Amino acid sequence: MVTAFAPGKCILFGEHAVVYGQPAVAVSIDAGVEVTIRESNSWILEGMPFEPSRHPHISHIINDIFDYTGKPLKIDIKSGLFSAAGLGSSAALSNSMGAALHQLVNPDEPLDLISLARIGHSAEANAQKGRASPTDTATSALGGCVVVSGERVKGTQHVFDATLETPEGSRSWSICRASLPQVDDTWIVLGFTGIGSPTGRMVAGVAELIEREPQKMDDIRAIGEITSSGLDSLSEGDMESVGFAMNSCHEKLRNIGVSCPEIESLISAVENHSLGTKLTGAGGGGCMVSLTRHPRRVAECIEIAGGKPLVSKLGSGGARIL
Ligand code: MEV
């Protein structure tokens, strides 16, 4: 029996724009997904017969990545993340499944987090019709603060590069680590709207919008600039400016049509207690994030406004075998 864990992620800046090569900054969060696998007489997922077509991430890892021909597996999943909510639950699932299967198949080989991030990215791209940046999977695999960009970003430590053929052409990204400031009085509070929003659909929607209205690329470029200045503020530990950049990023995300009334209502409920607020992840539902020194107050406001809160420090550890 093997159990592996991979954390979820919160994008502080740059979602959607990163699909077009602009930088994104994400941190891993405390909550994540745990996968336990054990050999069995038949293929079972969560107590039910495993149907590969209903679980593209898991079946891609088993069949295409590992080419697994061993005994059938019983797979159990424990998730502390809201799903289809912008917290990288599918990336965390892919990474924990990849880590657990690696450990089962190669028990003497230590887990290589870069290979794991590549496995996770391949599973995400396969499930998202070829449109997935490596942001979610790299942040979940490596942990801490990860910067993903079309070009290497100064002040960060390069870890690996990733490429992908997308319906809009070939994309490549540089994946780097950024150090997080030693601040122990600032938290992120995620607020789930209760509306699941598949990333693939939101990313395709932005692609269609840009095709119809090419000037929307200005918003994509503006998100890239805000992300760079937000990252500088984060490195300096200037959390007020980080919050300010988050607010500006949200305005641009609104312009590309990925916010929704439920996100706006959670943001209004907490902005007085926050350094900054924005949607996080794909939008269209999913989660908003507040950067705050008053996490309990913000969590209460989210609940009162009808959302579900999740409090986390910025940048927990990455994927691991338990
Ligand atoms: C989803 O968490 C982030 C997006 O930028 C999609 C991606 O990067 O693949 C919306």
Check your understanding: Where the centre of each part is set by its Cα atoms, how far does region 1-66 sit from region 176-208, in angstrom?
Key -> 16
Study note, to complete from the structure: The answer for the net charge of residues other than GLU303 whose Cβ lies under 15 angstrom from its Cβ, with Lys and Arg +1 and Asp and Glu -1, is +1
Study note, to complete from the structure: For region 16-31, in residue order, the Karplus 3J(HN,Hα) values (coefficients 6.51, -1.76, 1.60; θ = phi - 60°; whole Hz; Gly and Pro = x) are 6, 4, 5, 5, 9, x, 6, x, 9, 10, 9, 10, 6, 10, 5, 7
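Order these peptides, 313-320, 82-89, 131-138, by their mean beta-carbon neighbour count within 10 angstrom, highest first. Don't skip to the end; give the middle numbers.
Details: 313-320: 20.1, 82-89: 25.2, 131-138: 29.8.
Ranking the peptides 313-320, 82-89, 131-138 by packing returns 131-138, 82-89, 313-320.
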**Study point:** Sites matching GluC sites (Glu not before Pro) across region 232-322 that sit in DSSP coil, with at most 12 neighbouring C-beta atoms within 10 Å
**Key:** none
Check your understanding: With charges only on Cβ, +1 for K and R and -1 for D and E, what is the dipole size of region 39-136 about its Cα centre, in debye, rounded to 20?
Key -> 300
Review point. Measuring with a 1.4 Å probe in the full set of protein chains, what accessible area per residue, in whole Å², belongs to region 111-157?
Key: 37
Study note, to complete from the structure: Ranking GLY47, SER170, VAL25 by how far each Cα lies towards the positive end of the charge dipole of the chain (+1 on Lys and Arg Cβ, -1 on Asp and Glu Cβ), the top one is GLY47
**Study point:** Fluctuation leader among GLU34, GLU124, GLU213 - the chain, Gaussian network, Cα springs under 10 angstrom
**Key:** GLU213
Exercise for review: Could you list which residues have their amide H under 5 Å from that of GLY276, counting only those 5 or more apart in sequence or on another chain, with H placed in the peptide plane?
Suggested key: LEU291
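If you place +1 on the Cβ of every Lys and Arg, -1 on the Cβ of every Asp and Glu, and leave all else neutral, what size is the dipole of region 1-91 about its Cα centre, to the nearest 20 Debye? Walk me through the numbers on the way to the answer.
Numbers: 6 positive and 9 negative charges, 18 e Å.
That gives region 1-91 a dipole magnitude of about 80 debye.
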**Study point:** Under 14 Å from the Cα of LYS216 - aspartates and glutamates, other chains or at least 8 residues apart
**Key:** GLU208, GLU251
Check your understanding: Of the peptides 172-185, 146-159, 40-53, how do they stack up when ordered by the mean number of other Cβ atoms within 10 Å, highest first?
Key -> 146-159, 172-185, 40-53
Study note, to complete from the structure: Calc'd 3J(HN,Hα), region 269-285, phi into Karplus 6.51 cos²θ - 1.76 cosθ + 1.60 (θ = phi - 60°), Hz, glycine/Pro = x, comes to 5, 10, 5, 5, 10, 10, 7, x, 9, 6, 6, 9, x, 7, x, x, x
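Quantify, in whole percent, the carbon and sulfur part of the accessible surface of the chain (1.4 Å probe; protein heavy atoms only). Before the final figure, lay out each step's value.
Values: 6420 of 13370 Å².
That share works out to 48 percent.
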**Study point:** Set of lysines with alpha-carbon distance to LYS9 below 20 Å, sequence-local pairs under 8 removed
**Key:** LYS78, LYS278, LYS308, LYS313
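With only Lys, Arg, Asp and Glu charged, each at its Cβ (+1 for the first two, -1 for the last two), find how big the charge dipole of the chain is about the Cα centre; round to the nearest 20 debye. Write down the numbers at each step before the final one.
Details: 26 positive and 36 negative charges, 66 e Å.
With Lys and Arg at +1 and Asp and Glu at -1, about 320 debye.
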Check your understanding: Once every DSSP H run of n ≥ 4 in the chain is given -39500 (n - 2.57) and the sum is divided by its residues, what mean residue ellipticity at 222 nm do you get, rounded to the nearest 500 deg cm²/dmol?
Key -> -11500 deg cm²/dmol
Exercise for review: Using θ = phi - 60° and the Karplus relation 6.51 cos²θ - 1.76 cosθ + 1.60, list the HN-Hα couplings for region 184-199 in order, rounded to whole Hz, with x at every Gly or Pro.
Suggested key: 10, 10, 10, 10, 10, 10, 8, x, 8, 6, x, 9, x, 9, x, 4
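The values are calculated or read from the model by the stated rules, or taken from the named source; none is laboratory data. Keep in mind it's a predicted model, so treat the numbers as computed, not measured. Neighbour counts are summed over all protein chains in view; Cβ atoms, including those assigned to glycine, are modelled from backbone coordinates with ideal geometry. These area figures cover heavy atoms from the full protein model, side chains too; ligands, DNA and RNA do not enter into them. Shrake-Rupley method; radii C 1.70, N 1.55, O 1.52, S 1.80 Å.
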